[in-house]
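Encoded as structure tokens, the structure appears first; notes follow it.
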Amino acid sequence: MKTEIIKLRQIMEREKIDAWLCPSSDAHSSEYLSEYDKEREFLSGFTGSAGTLLVTKDRALLWTDGRYFVQAEKELENSGIELMKMGAAGVPTLTEFIEENMKSGEALGFSALLLNTKSALAYEKILSEKNISIKADKDIVAEVWEDRPARSANFVFVLGTEFTGETVVNKLTRLRKKLQENRANANLITDLSDIAWLTNMRGSDIECNPQYLSYMYVSADEAILFIQSKVLTEEIKAHLEEAGIKVKDYDAYYDYIKENVKGKKLLLDNTSCNYKTYLSVKEGNELIDALSPVCLFKNVKNAVEIKMMRNSHIRDGVYETRFIKWLLESIKSGKRISETDASDYLDKLRAEDLKYLSLSFEDISAYGPNAAMPHYQATKNDCAYLEPKGLYLIDSGASYMDGTTDVTRTIALGELTKEERLHYTLVTIGMLRLMNVKFPKGTKGVCLDIMARQAMWEYGIDFNHGTGHGVGFCNGVHEGPVAIRNRPHPDARFELPFEAGMVVSDEPGIYIAGSHGIRCENLILSVELENGFLGFEPLTMIPIDASALDINIMTEKDIEYFNSYQALVYSKLEPYFEGEDREWLKDKTKAIGV
């Protein structure tokens, strides 16, 4: 058994804890974790981004999903930790395992910082019925992790109104008005993307997200930002003072809200707010579980943000188009290129942009069978080399000061099978049909999803992931609650009707295990049409590989959609290319079926 688990059990025995739950999370429910917050990885040795560890007196078990089964088996080998393959036949869920194996009088422990309130309250309810207590007041992993990395406190900067299009004062006014409508008079905000948007500030404490560690409290007459003192520059202090925002240290947050937030009708989002926040304010306040209005505000981009995103997507399209040309020419010349060589080349092109901040997520660079795993991650020591045949998939994006990008292209590197060509065409048809749909105002994403799947359903094919996620403005690349999915969300709050100004991804795919994977993804902007209808405008400006299409299965309308998009891409990118490169672009965007 790993030394870390042995030490943890010694502390569990001292604290009278019978099982310790360790999720992959931080105090803000962030998608990516800083090195400081990777407690589950420290204890287990498993480096995947998703997974939950449970340590009992005599067993240690790790739950993760199908993306990580192979990786987890390798990394957990000889650790004494059992791999629990989520969704596999005969494998209980984490909750089922706890219910079945914990006994009356025992105690489940976890850090109140790392579990969201909704999950913690669900455990409270289930375990109280079995007379099992919860101990969440101590993070005992901190005692085991003696050489823990320092908490991130990276550079924070002001994103001016020339980028954001709205002052912080105006955003706070809107928030307070919305709180009144929700019969609340205060809001505790722990989601970093919400705080970044509300304060017009960005940072780099969270990998692939331009966000900074912070909490925020807003009431009818007060706004307080809890932020690490060491990142406060004179510019930031002046910016916050002008907006009427008081500043307190990040570490003062819990003591402050426990002592000073009293007698409030307090809005909290239990799905993102951590359990420690909930415990700190549940006494003496009326708690209202609802999405923060900020979450809903930032989903609708204003005119300045939209203009900025159009600009950043054109530049991003230039970089990826240059990458595709380099890739195809390199493969044709016989150059030996790995999956990571390819993504590194694209990353370098993006990083040279003057407004570049970081990647918006970890690249998915996948050749052949590897692309059949939607969230495949190549590494320098474990990756495939590209060959002049089959399909290569690259899903990538960047955070720029003027926008966030996310695009997937699947590229034919040479000869394709009939099945590969069919699947490629069906995916392309689905992406284009959704991008060109018109729908009445008030329509939700769950009603639009069929547009992306209809063509492949006719062939008895489907894909097992959502079709579209919201995307932030110089913020998180996965921005809820707006989404396009084929099943209603169990929480109705996350079924948001479309409004003009929302940005979502459009990314159908087909995945054939052991053979190939195909995905085609554009970011699309919802726009106002006539007679109370909305439609989508493509933001992504990157050619789609026509060489892999079987136009015989495309309708005249599908071909029209394809040609219209390719012509638009050429018109937007052509000014950035000259000579031979421009001719190459012209050829790659020429009309088909004529």
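The values are calculated or read from the model by the stated rules, or taken from the named source; none is laboratory data. None of these values were measured; they are calculated from a predicted model. Note that each Cβ is placed from the backbone with ideal geometry, even for glycine, and that neighbours are counted across all protein chains shown. Note: accessible area is taken over every heavy atom of the protein model, side chains too, but ligands, DNA and RNA are not part of it. Shrake-Rupley method; radii C 1.70, N 1.55, O 1.52, S 1.80 Å.
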Residue that is most open to solvent (accessible area, probe 1.4 Å), among those in segment 140-166 that are of a type in the set (D, E, K, R) and either without any contact (Cβ under 8 Å) to a residue 40 or more places away in the chain or within 30 Å of Lys301 (Cβ to Cβ) (or both): Glu146
Thr277 within 17 Å of Gly476 (Cβ to Cβ) and either touching a strand residue (DSSP E or B) at 6+ places or on another chain (Cβ under 7 Å) or at pLDDT below 95 (or both): no
Which numbered condition Asp462 misses (of (1) in contact (Cβ under 8 Å) with a residue 40 or more places away in the chain; (2) over 27 Å from Leu198 (Cβ atoms)): (1)
Members of segment 365-390 that are part of a strand (DSSP E or B) and crowded, with 20+ Cβ neighbours inside 10 Å: Ser365, Ala366, Tyr367
Residue within segment 332-343 that is within 28 Å of Phe473 (Cα to Cα) and not hydroxyl-bearing (Ser, Thr, Tyr) present: yes
Residue among Val427, Val446, Val477, Val471 that is among the β-branched types (Val, Ile, Thr), buried (at least 19 other Cβ atoms within 10 Å of the Cβ) and either modelled with pLDDT under 95 or touching a Pro at 6+ places or on another chain (Cβ under 9 Å) (or both): Val427
Segment 186-225, subset more than 19 Å from the chain's Cα centre (by Cα) and of a type in the set (D, E, K, R), residue surrounded by the most Cβ atoms within 10 Å (Cβ to Cβ): Glu222
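Check Leu393, Leu434 and return the single one that is touching a residue at least 12 places away in the same chain (Cβ under 8 Å), closer than 18 Å to Cys520 by Cα, open to solvent by less than 10 Å² (accessible area, probe 1.4 Å) and part of a strand (DSSP E or B). Explain how you work it out, then say what you get.
Values: Leu434 fails: part of a strand (DSSP E or B).
Unique residue meeting the criteria: Leu393.
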Tally of residues being crowded, with 17+ Cβ neighbours inside 10 Å and closer than 27 Å to Ser399 by Cα across segment 545-571: 5
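Picking from Leu53, Leu43, Leu21, which residue would you name as being among the hydrophobic types (A, V, I, L, M, F, W, C), without any contact (Cβ under 8 Å) to a residue 40 or more places away in the chain and open to solvent by less than 20 Å² (accessible area, probe 1.4 Å)? Give the steps one after another, and end with the answer.
Working: Leu43 fails: without any contact (Cβ under 8 Å) to a residue 40 or more places away in the chain; Leu21 fails: without any contact (Cβ under 8 Å) to a residue 40 or more places away in the chain.
That would be Leu53, the only listed residue that is among the hydrophobic types (A, V, I, L, M, F, W, C), without any contact (Cβ under 8 Å) to a residue 40 or more places away in the chain and open to solvent by less than 20 Å² (accessible area, probe 1.4 Å).
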Residue check for Arg582: surrounded by 13 or more Cβ atoms within 10 Å (Cβ to Cβ), under 24 Å from Gly470 (Cα atoms) and at pLDDT 95 or above: no
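Determine if segment 570-586 includes at least one residue that is among the basic types (Lys, Arg), touching a residue at least 60 places away in the same chain (Cβ under 8 Å) and either in a helix (DSSP H, G or I) or more than 30 Å from Pro369 (Cα to Cα) (or both). Reasoning before the result, please.
Kept after step one, since they are among the basic types (Lys, Arg), are these residues of segment 570-586: 572, 582, 586.
Now narrow it down to the ones that are touching a residue at least 60 places away in the same chain (Cβ under 8 Å): 572.
Narrowing the set further to residues that are either in a helix (DSSP H, G or I) or more than 30 Å from Pro369 (Cα to Cα) (or both) leaves 572.
For segment 570-586, residues among the basic types (Lys, Arg), touching a residue at least 60 places away in the same chain (Cβ under 8 Å) and either in a helix (DSSP H, G or I) or more than 30 Å from Pro369 (Cα to Cα) (or both): present.
Enumerate the strands (runs of 3 or more DSSP E) found wholly within segment 226-320, keeping only those where 2 or more residues are open to solvent by 40 Å² or more (accessible area, probe 1.4 Å).
Per the criteria, 246-249, 286-289.
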Selection count, segment 520-552, where residues are assigned to a helix (DSSP H, G or I) and touching a Phe, Trp or Tyr at 6+ places or on another chain (Cβ under 9 Å): 3
Single residue of Leu121, Leu114, Leu127 found to be in a helix (DSSP H, G or I), at pLDDT 95 or above, more than 20 Å from Gln10 (Cα to Cα) and open to solvent by less than 70 Å² (accessible area, probe 1.4 Å): Leu121
Every pair of residues 6+ apart whose Cβ atoms lie under 7 Å, when the first sits in segment 293-307 and is farther than 18 Å from Asp191 by Cα while the second is among the acidic types (Asp, Glu): Asn302/Glu166
Candidate set from segment 321-343 (those that are assigned to a helix (DSSP H, G or I) and more than 26 Å from Glu578 (Cβ to Cβ)); member that is farthest from the chain's Cα centre (by Cα): Asp341
Residue in segment 253-280 that is farthest from Gly480 (Cα to Cα), counting only those that are small (Gly, Ala, Ser) and out of contact with any helix residue (DSSP H, G or I) (no Cβ under 6 Å at 6 or more places or on another chain): Gly263
Filtered residues of segment 350-364 (kept if open to solvent by less than 30 Å² (accessible area, probe 1.4 Å) and within 18 Å of Ile324 (Cβ to Cβ)): Arg350, Asp353, Asp363, Ile364
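From Ile542, Ile510, Ile524, Ile518, which residue is touching a Pro at 6+ places or on another chain (Cβ under 8 Å), open to solvent by less than 30 Å² (accessible area, probe 1.4 Å) and of a type in the set (Val, Ile, Thr)? Don't jump to the end; show me each part of the working.
Working: Ile542 fails: touching a Pro at 6+ places or on another chain (Cβ under 8 Å); Ile510 fails: touching a Pro at 6+ places or on another chain (Cβ under 8 Å); Ile518 fails: touching a Pro at 6+ places or on another chain (Cβ under 8 Å).
Of Ile542, Ile510, Ile524, Ile518, the one residue that is touching a Pro at 6+ places or on another chain (Cβ under 8 Å), open to solvent by less than 30 Å² (accessible area, probe 1.4 Å) and of a type in the set (Val, Ile, Thr) is Ile524.
When residues of segment 488-519 are filtered for being touching a strand residue (DSSP E or B) at 6+ places or on another chain (Cβ under 6 Å) and either part of a strand (DSSP E or B) or in contact (Cβ under 8 Å) with a residue 60 or more places away in the chain (or both), how many remain? Talk me through it step by step, then tell me what you get.
First, pick out the residues of segment 488-519 that are touching a strand residue (DSSP E or B) at 6+ places or on another chain (Cβ under 6 Å): 495, 497-507, 509-511, 516-519.
Going one step further and asking which of them are either part of a strand (DSSP E or B) or in contact (Cβ under 8 Å) with a residue 60 or more places away in the chain (or both), we end up with 497, 499-507, 509-511, 516-519.
The qualifying residues number 17.
Here is a check on your reading of the model: is Met401 in contact (Cβ under 8 Å) with a residue 60 or more places away in the chain, surrounded by fewer than 24 Cβ atoms within 10 Å (Cβ to Cβ) and under 24 Å from Lys307 (Cα atoms)? Don't jump to the end; show me each part of the working.
Values: in contact (Cβ under 8 Å) with a residue 60 or more places away in the chain: yes; surrounded by fewer than 24 Cβ atoms within 10 Å (Cβ to Cβ): yes; under 24 Å from Lys307 (Cα atoms): yes.
Taking the combined requirement at face value, the residue satisfies it.
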